[in-house]
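To start, the structure itself, in structure tokens.
The values are calculated or read from the model by the stated rules, or taken from the named source; none is laboratory data. This is a predicted model, so every value here is computed, not measured. So basically every Cβ, Gly included, is an ideal-geometry build from the backbone, and we count neighbours across all protein chains shown.
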């Protein structure tokens, strides 16, 4: 079935009847985790809301004030998932989130244009594409796209936009022999009803179920951003178009202004100054590592200078790390001493290193790690990542008590 939204891409609302509405579960992302959400699976006689397909995400909107969470295609039906119920057989009005739809139309038509021009100029076929929230990309069947080729593609697509070439949509029956002459990656197995063909005058003709602009002029402009190596010797070509390009450019300008303030310079000097700062940072980090190594050696020397030498050593350093703790272990160089060393924020996360006789380490380490709320492993040298260094006092009390009881028993 071809839906109202596909025949009237610029319509923002539509009145129709409810065919069915039933309670359902929808998997949604909440704080990065998938959770089941109660909703209502609803089917209408027709819809102004595009169901996900052809690489284009689904629309959002409302139905008589009820939010639409998702719209998916199931055979010849567009299945709407609503936050609340609507009455079956009732006449309702669907309202489209036009900003989202228009953005998808621009990116989708831009993809068709880039795909056609790239294949015409260089023979690189598009094998897939991805319409993301910020930057979209097409996957090209080539190992590399040169900078010169990118410039030629960008120049050509924007030339066609300035020509304001019309974009038309024609429907065919699936059995129509003319479809064999049209470029396509094939029809979905569950396709039902007429087949839509989207044409950019003189540039491209292709099967597509998505929504599109009616003129390339509505794309305003396309910017090719960069390429990345894809899978199986393919290349990903990233782009932005239309209103999204204006937003992207706006964010670039804002970042540039912030860099002007941070670096006390103009944009022409940004790269030089950032490279200079990076080199200074590397030098400072090396000096810090050397200083920490010297401090670790000194802490080991202080311990070894005690007479008599204790059989237990606790030590913590806020700005240390596992390398720092490892130097202390190596400098003391005495497996008979139980050493419980920590590094990191005084009451936050950090590193744990326990070293000593293997039987004692095996007994002490799991409980110390548990107290500090972390995990790790090792026999003679137990290393771990912990989250509660503020509980070091409790860990020390446990270790001392354990060793005192063990000494009393034996």
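Residue check, residue 59 against (1) in contact (Cβ under 8 Å) with a residue 60 or more places away in the chain; (2) outside the structural domain of residue 246 (by TED's automatic domain parsing); (3) touching a strand residue (DSSP E or B) at 6+ places or on another chain (Cβ under 9 Å), all met but one. Which one?
(1)
Is one or more of the residues making up segment 359-375 under 22 Å from residue 290 (Cβ atoms) and at pLDDT 95 or above?
no
Within the bounds of segment 122-143, is there any residue that is in a helix (DSSP H, G or I), in contact with a helix residue (DSSP H, G or I) (Cβ under 9 Å, 6 or more places away or on another chain) and either under 20 Å from residue 247 (Cα atoms) or at pLDDT 95 or above (or both)?
Scanning segment 122-143 turns up at least one residue that is in a helix (DSSP H, G or I), in contact with a helix residue (DSSP H, G or I) (Cβ under 9 Å, 6 or more places away or on another chain) and either under 20 Å from residue 247 (Cα atoms) or at pLDDT 95 or above (or both).
Evaluate segment 12-27: report whether one residue or more is free of Cβ contacts under 8 Å to residues at least 12 places away in the same chain, over 17 Å from residue 100 (Cα atoms) and in a strand (DSSP E or B).
Yes.
At positive phi and either in contact with a strand residue (DSSP E or B) (Cβ under 9 Å, 6 or more places away or on another chain) or surrounded by fewer than 21 Cβ atoms within 10 Å (Cβ to Cβ) (or both), is that true of residue 84?
So residue 84 fails the test.
Scan 26, 96 and give me the residue that is crowded, with 16+ Cβ neighbours inside 10 Å, modelled with pLDDT under 95, over 22 Å from residue 207 (Cβ atoms) and in contact with a strand residue (DSSP E or B) (Cβ under 7 Å, 6 or more places away or on another chain).
Going through 26, 96 in turn, the sole match is 26.
Quick one: in segment 171-189, of everything that is at pLDDT 80 or above and surrounded by 13 or more Cβ atoms within 10 Å (Cβ to Cβ), which residue is farthest from residue 139 (Cα to Cα)?
Applying the filter and picking the extreme gives 176.
Test of understanding: among 322, 364, 360, 341, which residue is within 36 Å of the chain's Cα centre (by Cα) and surrounded by 14 or more Cβ atoms within 10 Å (Cβ to Cβ)?
322
From the list 133, 119, which one is in the same structural domain as residue 213 (by TED's automatic domain parsing), surrounded by 15 or more Cβ atoms within 10 Å (Cβ to Cβ) and without any contact (Cβ under 8 Å) to a residue 40 or more places away in the chain?
119
Taking strands (runs of 3 or more DSSP E) that do not extend beyond segment 305-410, which have at least 1 residues that are in contact (Cβ under 8 Å) with a residue 40 or more places away in the chain?
So the answer is 312-317, 338-344, 381-386.
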